[in-house]
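J.: Structure incoming, see below.
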Amino acid sequence: MFKAVKRLSSALFKLPIRSSSYYMEKMYESWKVDPSSVHSSWNSFFSTMGSEGFSPEVDIAQEGRDTLKIAILHRSFQTSGYILADVDPLRLHSSLDEHAVAIRIPGSLNLNNYKFSSEDMEREFNIGIQLLKGFCDFSRPRGGKWKLSDLITRLKSVYCGKIGYEYIHIPYREEKNFIKDRIELETPYISPPSHKLNLLKTLARSHLLENFFLKKFTTHKRFGLEGLESSIIAIESIIEQASSYGIDTFIIGMPHRGRLNVLANICQSSITEMFGMFMGTNTRILEEGDVKYHLGHKTQRIIKGNTVTIDLLANPSHLEAVDPVTVGKTHAMQFYQNSPNRTMAILIHGDAALAGQGVVYETIQMEDLYEYSTGGVIHIVGNNNIGFTTTPREARSSLFPTSIASSIQAPIFHVNADCPEEVDFVSRLATDYRNEFRKSVFIDIVGYRRYGHNELDEPLFTNPKMYQLIEKHEPVFNLYQKKLISEGIITEESCQNLIRQILNEFDTSFSTAKQFNQELKNTSLTASEWSPITLPQSDPYFTGVEVDQIKQLGIKINTLPSDINPHPGITKIYKNRLSMIESGVGIDWACAESLAWGSLLSEGTHVRISGEDVQRGTFSQRHSVIKDQKIDSKSYTPLNQISSNQAKFSAVNSHLSEYGVLGFEYGYSLTNPNALILWEAQFGDFANGAQIMIDQFITSGEAKWGQESGIVLLLPHGYDGQGAEHSSGRVERILQLSADEPYDYPIEQLKDRKQIYYNNIQVVIPTNPANYFHMLRRQIRREFRKPMIVFSPKRLLRLRDAQSNIEEFAADRVSRVYDDPSKDLVNDKSIRKVILCSGQIYYDLVDERNRRGIKDIAICRIEQIAPFPFDKINGLGKRYGKSQFQWVQEEPLNMGPWSYVMPRINTSLKGMGFDKVSLVSRVPHAAAATGYASWHMKQHAEILDKAMS
């Protein structure tokens, strides 16, 4: 329509009146003979003419201008009418200017600017356009013809009522037409009485539960939903509508506000258990646990005859951090169901967090990315017009918090939270849109927050005028029951009976919760239900693969087919790998990695790695996906060509995101324990951009929520003079999050080989490819899952001394510690110093020792830093008598493993007559490393010299 308006404008206003009249008469004559002889955009104008055509009395140019003005008016309401929509129950813009983001109303929405006369208002205009729907639809009975006054009334009713539609920014006509058809042609939210009664019942449970909490637990935080109770209607309507399309699994991510209400009324969690958790009579069997309003729950319900699973994920206090986790778990469910049409994500946001948290943008940018898309997320914004104490003017620069949605061309439906029927309608419309186009959509439910940020907070301190308005404002349940009573749909007595029935149910649950004390199972309110782990037939800690199998696998995955045209450099790499396998010596890091993955794939374990540039590898070492040099769209993935019954391998280049993508992969890892899910940072220090995911989910999720994950983080680490961000993976940050005890020797845990089981994470720094191979396989072989952080190498990727022989891949298990393998050392009891280290500095220390001809210093590597190998270090103490033990690291004193390993080494050697372990490192630094190569080499030489002294 916009293009038609531009053409009409050009025809009418670039010519003088007489010229334009003559021009239009000729066009009209042609159109009468054959309508197809002129452009279809003229139909909207010529079809308004009667059989007499152009009469001398008709001002042709004026007719054109009027038609053009009406087209502009119509378009303006579609484009900007939401700005004037009555979607704020408190009407803060008119009541409290100081709280409002300034509204700039386009002049095209001001009717006075069009100068329509009273006669114009009674004229009929044809605004029909062949390609458009809604008011312009030729195929409808009205045929696109409207009396101007009727059209303006309908435009105001549709676009400036209790719903504001923001969708014209979508560039695709069929999507806009879909919405226009649903909103422009009829009053869309007229519901039958039975449906209105169902809405009232849903609203009653939502409202009364919050009131009950308020009365019974006045001193507890609960982050209630008062002011946004109709959000429960939105969620319920989405699930009901989507289930009719075959969706049977809903993954929900949300912040703490309203979570208890969602748990009770959407997930149908036991209210008795919930009350018991407030009272302290019910506790979860978790060592640490989490607060009530962070908990998740998984349940099944029957909705309209369909069985659906609803999985509300647990979340931390970092608002929006759960977003990528939700999307990742949804994508994983779709993968394992082998269907994109059975699982859907629902994300619930706060208005301030949606506008302020960057992870929202990182998450929605996965909307249409290969191996990340979920076929559309329904976003619900619980817009209470305030953050903690932050008003919209302080929280964002846009009028609404949903402006971010336009970056992915998603429609936005703003709706007044005091209007349950409208909330229900837009929720179903959003679900229909998502089903039709497999795209995301935003529902902005504009309400308020009746109490402070939490129920113990006093909002009048900071927002007095807003809360004076809220105090006078009736709850939506009261407003809606009055409406239905006035419509004769329900009587006041029936309303009171409904209220009594619900409150009696709550009272019964409350009384029951007081009378008993029990511990809830870990899964009672946890975020996921961990499916059974497939255990190997043999020793679960045995990770080796027979040499013959390794050779067969290695030849298979390193032999390229003749119909692919790789880059010559890649051809050489794969020939070298083939030579490594055939000779059985010199197997490098990338080859060992592919052997670990290939062996797991052959055993039926799905393997997925994602991150920035992981297909090639940051250091051009992996090349897991080979691009054809002649056919741009063609590629070859060797690890997907092992056998017909293997599991799938996915290597996915992510968008330039750490926080969002790591959250996605963590969510993916929650879905199936029998899969190896890896995320690789481009450089190790880049994980600091995802530190919230590491802190709040990966390292603590099991302790807080009983939520196991076997995710693997690959963080390249090693000081090579490349500057602060390209040297350190920040080992110290990760080790600080390890929960193992530094001062007690874990005798029983070590005896039962369960030390890792009792810790929250594993931190490893492997120094040879074979040990890395075993570490990857160990993730799947064990009967439990723990996150593993691998400080992976850069320089060692191609270092000859760091390569492995094929027999090492058939070894029993992971080597947590390597004793000194040198045969040139003097008698064990004559060793004057034992150097303990980890990572690539081991090879530098060995070279320096050999260069100096030293034979009384043993150099041992700790490959698994956490949980700490107390038994292995204790064994070194017994072997080397009363030698001096020294920790050597290339990191500065205030970084690296030192602060973690120091007390644990001393505990391991306690009572054996050793002095406290000493240290050689760089001096304390503010930045992780110097950016000057010469200074780096000087520091490195000093470390080696001190270590050998």
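J.: Looking at the structure I just gave you, is residue 210 under 30 Å from residue 78 (Cβ atoms), of a type in the set (Asp, Glu) and under 30 Å from the mean Cα position of the chain (by Cα)?
T.: Here the answer is no, as residue 210 does not meet what is asked.
J.: When you scan the stretch 870-882, do you find a residue that is under 18 Å from residue 764 (Cβ atoms) and within 37 Å of the chain's Cα centre (by Cα), even just one?
T.: Within the stretch 870-882, not a single residue is under 18 Å from residue 764 (Cβ atoms) and within 37 Å of the chain's Cα centre (by Cα).
J.: I'm trying to understand the selection: among the residues of the stretch 338-357, which are touching a residue at least 24 places away in the same chain (Cβ under 8 Å) and farther than 22 Å from residue 413 by Cα?
T.: Result: 340, 341, 342, 343.
J.: Which members of the stretch 313-352 meet the condition of being in contact with a Leu (Cβ under 9 Å, 6 or more places away or on another chain) and among the basic types (Lys, Arg)?
T.: Of everything in the stretch 313-352, just one residue is in contact with a Leu (Cβ under 9 Å, 6 or more places away or on another chain) and among the basic types (Lys, Arg), namely 329.
J.: In the stretch 145-164, what residues are assigned to a helix (DSSP H, G or I) and more than 30 Å from residue 383 (Cα to Cα)?
T.: Selection gives 148, 149, 150, 151.
J.: Can residue 753 be described as buried (at least 16 other Cβ atoms within 10 Å of the Cβ) and either at pLDDT 90 or above or closer than 15 Å to residue 784 by Cα (or both)?
T.: When the stated conditions are applied, residue 753 does not pass them.
J.: Among the candidates 710, 660, 667, single out the residue that is assigned to a helix (DSSP H, G or I), at pLDDT 95 or above and either more than 14 Å from the chain's Cα centre (by Cα) or farther than 23 Å from residue 618 by Cα (or both).
T.: 667
J.: Taking the condition within 21 Å of residue 326 (Cα to Cα), crowded, with 22+ Cβ neighbours inside 10 Å and at pLDDT 95 or above, does residue 427 pass?
T.: Here the answer is yes, as residue 427 does meet what is asked.
J.: Let me ask another. List the residue pairs whose Cβ atoms are under 6 Å apart, where the first residue sits in the stretch 456-469 and is surrounded by 14 or more Cβ atoms within 10 Å (Cβ to Cβ), the second is of a type in the set (A, V, I, L, M, F, W, C) and at pLDDT 90 or above, and the two are 6 or more positions apart or on different chains.
T.: Filtered contacts from the stretch 456-469: 469/90.
J.: Is there a residue in the stretch 853-869 that is within 29 Å of residue 941 (Cβ to Cβ), crowded, with 23+ Cβ neighbours inside 10 Å, under 39 Å from the mean Cα position of the chain (by Cα) and aliphatic (A, V, I, L, M)?
T.: yes
J.: Still on this structure: So which of 838, 804, 792 is closer than 30 Å to residue 882 by Cβ, of a type in the set (Ser, Thr, Tyr) and either surrounded by 16 or more Cβ atoms within 10 Å (Cβ to Cβ) or not assigned by TED's automatic domain parsing to the domain that holds residue 591 (or both)?
T.: 838
J.: Could you list all residues from the stretch 183-217 that are in the same structural domain as residue 427 (by TED's automatic domain parsing) and of a type in the set (Phe, Trp, Tyr)?
T.: 212, 213, 217
J.: Using the structure shown, decide if residue 598 is part of a helix (DSSP H, G or I) and buried (at least 16 other Cβ atoms within 10 Å of the Cβ).
T.: Taking the combined requirement at face value, the residue satisfies it.
J.: Further, regarding this structure: Take the conditions more than 33 Å from the chain's Cα centre (by Cα), buried (at least 17 other Cβ atoms within 10 Å of the Cβ), in the same structural domain as residue 221 (by TED's automatic domain parsing) and more than 30 Å from residue 331 (Cα to Cα) and apply them to residue 484. Does it pass?
T.: So residue 484 fits the description; yes.
J.: Consider residue 760 carefully, then state whether it is in contact (Cβ under 8 Å) with a residue 60 or more places away in the chain, outside the structural domain of residue 858 (by TED's automatic domain parsing) and part of a helix (DSSP H, G or I).
T.: So residue 760 does not fit the description; no.
J.: Same structure, new question: Please go through the stretch 418-446 and give me each residue that is of a type outside the set (D, E, K, R) and in contact with a Leu (Cβ under 8 Å, 6 or more places away or on another chain), ordered by number.
T.: Correct list: 420, 445.
J.: Considering only residues that are in contact with a strand residue (DSSP E or B) (Cβ under 8 Å, 6 or more places away or on another chain) and over 13 Å from residue 403 (Cα atoms), which ones fall in the stretch 347-362?
T.: Within the stretch 347-362, 347, 348, 349, 350 qualify.
The values are calculated or read from the model by the stated rules, or taken from the named source; none is laboratory data. It should be emphasised that the depicted structure is a prediction, and the values quoted were computed from it without experimental measurement. Note that each Cβ is placed from the backbone with ideal geometry, even for glycine, and that neighbours are counted across all protein chains shown.
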